[in-house]
1. If you check residue B:124 against the conditions, is it among the small types (Gly, Ala, Ser) and either within 17 Å of the chain's Cα centre (by Cα) or surrounded by 22 or more Cβ atoms within 10 Å (Cβ to Cβ) (or both)?
2. Report yes if residue B:108 is over 23 Å from residue B:6 (Cβ atoms) and in contact (Cβ under 8 Å) with a residue 24 or more places away in the chain, otherwise no.
3. Among the residues of region A:186-200, are any over 23 Å from residue A:26 (Cα atoms) and touching a residue at least 24 places away in the same chain (Cβ under 8 Å)?
4. State yes or no: is residue B:254 within 30 Å of residue A:279 (Cα to Cα), out of contact with any strand residue (DSSP E or B) (no Cβ under 9 Å at 6 or more places or on another chain) and either surrounded by 23 or more Cβ atoms within 10 Å (Cβ to Cβ) or charged (D, E, K, R) (or both)?
5. Name every residue in region B:172-218 that is in a loop (DSSP other than H, G, I, E, B), modelled with pLDDT under 95 and either hydrophobic (A, V, I, L, M, F, W, C) or over 15 Å from residue B:22 (Cα atoms) (or both), in order of residue number.
6. For region A:308-324, give me each residue that is in a strand (DSSP E or B), among the small types (Gly, Ala, Ser) and crowded, with 22+ Cβ neighbours inside 10 Å.
7. Those residues that are crowded, with 23+ Cβ neighbours inside 10 Å and part of a loop (DSSP other than H, G, I, E, B), I need them from region A:139-149; list them, please.
8. Does region B:152-169 include one or more residues that are assigned to a helix (DSSP H, G or I), under 17 Å from the mean Cα position of the chain (by Cα) and not basic (Lys, Arg)?
Protein chains: 2
Amino acid sequence: MTTDTASAIAHPNIALIKYWGNKDQKLRIPVNGSISFNLDSLFTKTKVTFDFSFQSDSLSINEQEISGPGLDRVVSFLDIVRGLAEKQLFARVESENNFPVGTGIASSASAFAALSLSASKAIGLSLTEKELSRLARRGSGSACRSIPEGFVEWFPGESDSNSYAQSIATPNHWNLVDIIAVVSIEHKKVGSTTGHELANSSPLQNARVRDTDHRLQIVRKAILEQDFLKMAEMVEMDSNIMHAVMMTSNPPLMYWESISITIMKTVKEWRAAGIPVCYTLDAGPNVHVITTKGYSDKIISMLPEIKGIKTIYKASVGGKTRLVED
Amino acid sequence: MTTDTASAIAHPNIALIKYWGNKDQKLRIPVNGSISFNLDSLFTKTKVTFDFSFQSDSLSINEQEISGPGLDRVVSFLDIVRGLAEKQLFARVESENNFPVGTGIASSASAFAALSLSASKAIGLSLTEKELSRLARRGSGSACRSIPEGFVEWFPGESDSNSYAQSIATPNHWNLVDIIAVVSIEHKKVGSTTGHELANSSPLQNARVRDTDHRLQIVRKAILEQDFLKMAEMVEMDSNIMHAVMMTSNPPLMYWESISITIMKTVKEWRAAGIPVCYTLDAGPNVHVITTKGYSDKIISMLPEIKGIKTIYKASVGGKTRLVED
């Protein structure tokens, strides 16, 4: 047999406690743990084929051939997979997203989660969930959280072997919904990989990291107990703390746009009025508005009153990264 | 003689390195040093009269009689002045501002600076500049910086006796201009005194404080050497660091409005295009746009392109708190 192929689907995830900064930049060992949930309606689907006849790796995303840094990153990742399998075969990678890339919806997370499973399977490996999570982490840190199902915690660890993510609750444990207010479809000026490198240049990063266990503990407990208000305040705090580090790094990264502030303030007003809702922002201006299923339609109807929102995505808590038929 | 009266004028000041949080809340001994310059076109003028016939202290601001917390704060301050003079006389305080209060332009700074000089003089004290600065600090921390002329540094000290401000350069040392983009005339929901109390509830405050000497040193040197670019980056960083602490305190204080972000980003674009300009925000949404005299007209003509700015004030570097004829 000279051709081996596999396809996998993975969801992006939204972090409730954020990942920002690495102890080991190359291995993507984070300075702190993080908690997220997968986003069921958004996905990356990736097909990988290894073939003796290929002369090099190649990559298409949404049917566009990719070269340059985008391809280089995938080639480096495939080198890790080839090393694990001890096989020197080139690959054809075909990936599709049903959401825009580079806008604060973590496309690299679902991309490298799907690639981890499809590439490892296609080359003949059968990795455990923990091994897949470790592998996905090498491509994009937060990708390790898209491997397990539902609500997920990434244990930072100290080395490649013990830095991985694990499910802390199933998708149906709690009917949270992430309503993503997309305010910009421009590609980020500073990508997350470069941003992580800048984290230590902020005089506030060490203090943020030292306080993380406290925030993890509260959010983990709030998820397990389905205590929305406790979760809400700490999720917003954690988002603010990450952006505080970003805006005080050198050079400063101000990911917020003016409309991001308007949405954040509006969400706080809604919560003050009794609606279970909170905000969180990744490395971009889009605002993730977290609520429960019963309130999601109401919020989707109210959000457009804020002028300047370009698109709204809605996602419930999603499953794990999984193999699919081509 | 049964009546003693004196009038004084003081300017507010804009901090380039901010004051946020106290070691001693009652004595207003700050956790870190700060640097500011006085704003010449804005002022508080205060007349104080002590008279044996008065049965209590009274206060008017802009010809409105003030009672409640506003009066209580002035009475507490007058108690300190009476203690220094060892005289038990009640006072009539008449104050005027030529700018709105409670909107991020530090009205309490000019108010307590003017009150320090007029009240101490009226009761028969002749205080040195250092003693006046210490006294003004008791009324409102940043008021101590409005006592000396021009560019001013507040040495935090450890006790009432060594926490005071001193001029580091005269008003004509450097022709900086503060263009204040007023975006809200609402009274602040959380005043600075309460805000200072909340500073320690942020997990980032200690890290902010520990890094302050580094920022003070760079801004002090940049002022003395008239190095705008060096000053600009550190002034924006310091503003971001203070707001980072504010937005991560418990409860979080988000003083920025959406338009504040728009102005901050626009100012950064102007500087990238070669204009000597930077932003800084106090405990409010208004943006202080700092530039040099040669560019101030250009910036005042460009600012209104940002929709939503309500008023623009312009101020050069101002003089010290001084006695005036009634």
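The values are calculated or read from the model by the stated rules, or taken from the named source; none is laboratory data. What you see is a predicted model, and the numbers here were worked out from it, not measured in a lab. FYI the Cβ positions are ideal-geometry reconstructions off the backbone, even for glycines, and counts take in every protein chain you see.
1. Details: among the small types (Gly, Ala, Ser): yes; either within 17 Å of the chain's Cα centre (by Cα) or surrounded by 22 or more Cβ atoms within 10 Å (Cβ to Cβ) (or both): no.
Answer is no for this residue.
2. No: the conditions fail for residue B:108.
3. Yes, because at least one residue in region A:186-200 is over 23 Å from residue A:26 (Cα atoms) and touching a residue at least 24 places away in the same chain (Cβ under 8 Å).
4. Numbers: within 30 Å of residue A:279 (Cα to Cα): yes; out of contact with any strand residue (DSSP E or B) (no Cβ under 9 Å at 6 or more places or on another chain): yes; either surrounded by 23 or more Cβ atoms within 10 Å (Cβ to Cβ) or charged (D, E, K, R) (or both): no.
Against the criterion (within 30 Å of residue A:279 (Cα to Cα), out of contact with any strand residue (DSSP E or B) (no Cβ under 9 Å at 6 or more places or on another chain) and either surrounded by 23 or more Cβ atoms within 10 Å (Cβ to Cβ) or charged (D, E, K, R) (or both)), residue B:254 does not qualify.
5. So the first thing to find is which residues in region B:172-218 are in a loop (DSSP other than H, G, I, E, B), and the list is B:174-175, B:183-191, B:202-204, B:211.
If we keep only those that are modelled with pLDDT under 95 as well, we get B:183-191.
Within region B:172-218, B:183, B:184, B:185, B:186, B:187, B:188, B:189, B:190 qualify.
6. The answer is A:315, and nothing else.
7. Those that are crowded, with 23+ Cβ neighbours inside 10 Å and part of a loop (DSSP other than H, G, I, E, B): A:140, A:147, A:148.
8. In the first step, residues of region B:152-169 are kept if they are assigned to a helix (DSSP H, G or I); the result is B:160-162.
Those left that are additionally under 17 Å from the mean Cα position of the chain (by Cα): none.
No - not one qualifying residue is present in region B:152-169.
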